[in-house]
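**Q** Questions regarding the structure given below will be posed in turn.
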Amino acid sequence: MSKLAQLSSILFLSFQLLACSTMGSVAKGTFIFGTEFYKAQPKVVTDQYPKYFNQTFYTAELFVTDYNEWRLRIVSENDMSNYIESNEIYVDLEYEMDFQTYSKTVPLVFESFSIINVDDKELYAFDFSYSQEGKEFWSEFHELFFLRRKPWFHYPVSPTLPIEVRRYVNSIEYNFVPHWGYLSLRQFMELYRGMQGRRWDEFCFWNNYQYDDSSVCGDIRIEDDPDSIQGAKN
């Protein structure tokens, strides 16, 4: 077994060991060590690893990445600069534990604007960080996670925008782990081990995501575009 395969197995075992609260600090140290080793590998090498390896190392790095490193990108065919410059945009951070939901609404901090090329189409990309108002909330979850209290964090958070603005959003992309760059909703869900199986089904069933989830959940979703609703009534 290669050293990387051994590390992958150790990290997977660490997920299981977290079931014992005394293993929290040990597992965290293992996650940090394993992800540093993985990041040291050339991309041309890691691109050839089995999907299981990438899932394991991405998830481990996600758990130990500092909240200050998180970034969110709004991608649109329209230039939304005027709206973004004149309005505060919020997200709801949320986790579940012991059948209760804990949440905190925090503003996003606009950082930069760029034009990106996707499938030979120019799109506007607006990048945000998460404000410091959410730092303590995340730290509380983080501590509970490594104490293995079994909290479940809702990572694919979406910015709160009015319908008339939201309709122009092509996609929301997430960069929770700088080393991996911006990921689409589907890319994130396929890499994050916690979104496998039942969690993926629940995400689609409850239909709480405010933006296009068709690449994950298919083309059938509730329509909240007021023009479309009015058209359906006529």
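**Q** Based on Cβ point charges of +1 for Lys and Arg and -1 for Asp and Glu, what charge dipole magnitude is obtained for region 106-155 about its Cα centre, in debye rounded to the nearest 20?
**A** 420
**Q** Using a cut-off of 12 Å between alpha-carbon atoms, which aspartates and glutamates can reach K150, once sequence neighbours fewer than 8 places away in the same chain are excluded?
**A** E96, D98
**Q** Loop-only chymotrypsin sites (Phe, Trp or Tyr not before Pro) in region 88-117, please: DSSP not H, G, I, E or B, and at most 12 other Cβ atoms within 10 Å.
**A** Sparse-neighbourhood loop chymotrypsin sites (Phe, Trp or Tyr not before Pro): F99.
**Q** Tell me the GluC sites (Glu not before Pro) within region 35-115 that lie in a loop according to DSSP and have at most 13 other beta-carbon atoms within 10 Å.
**A** Qualifying residues, ordered by number: E77, E88.
**Q** Next question. Under the 0.36 nm per residue contour assumption, what length would be gained going from the current alpha-carbon distance of S215 and F37 to full extension?
**A** Additional length available on full extension: 60.9 nm.
**Q** Okay, moving on. In whole Å, how far is the Cα centre of region 70-147 from that of region 184-218?
**A** For region 70-147 versus region 184-218, the Cα centre distance is 17 Å.
**Q** Hey, which aspartates and glutamates would be in cross-link range of K51, C-alpha to C-alpha under 14 Å, not counting anything within fewer than 8 residues on its own chain?
**A** The reachable aspartates and glutamates, counting only those whose Cα sits under 14 Å from K51, are E190.
**Q** Could you give the length gained by full extension between K51 and S103, i.e. 0.36 nm per residue of separation minus their alpha carbon distance, to one decimal place?
**A** 15.5 nm
**Q** Dipole of region 67-216, Cα-centred, from +1 at each Lys and Arg C-beta and -1 at each Asp and Glu C-beta, to the nearest 20 debye?
**A** Computed charge dipole of region 67-216: roughly 560 debye.
Taken together, the values in this text are just the output of simple stated rules run on the coordinates, not laboratory data. What you are looking at is a predicted structure, and each value in this text was computed from that prediction instead of being measured. Positions of Cβ are generated from backbone atoms using ideal geometry, with glycine treated the same way; all protein chains shown enter the neighbour counts.
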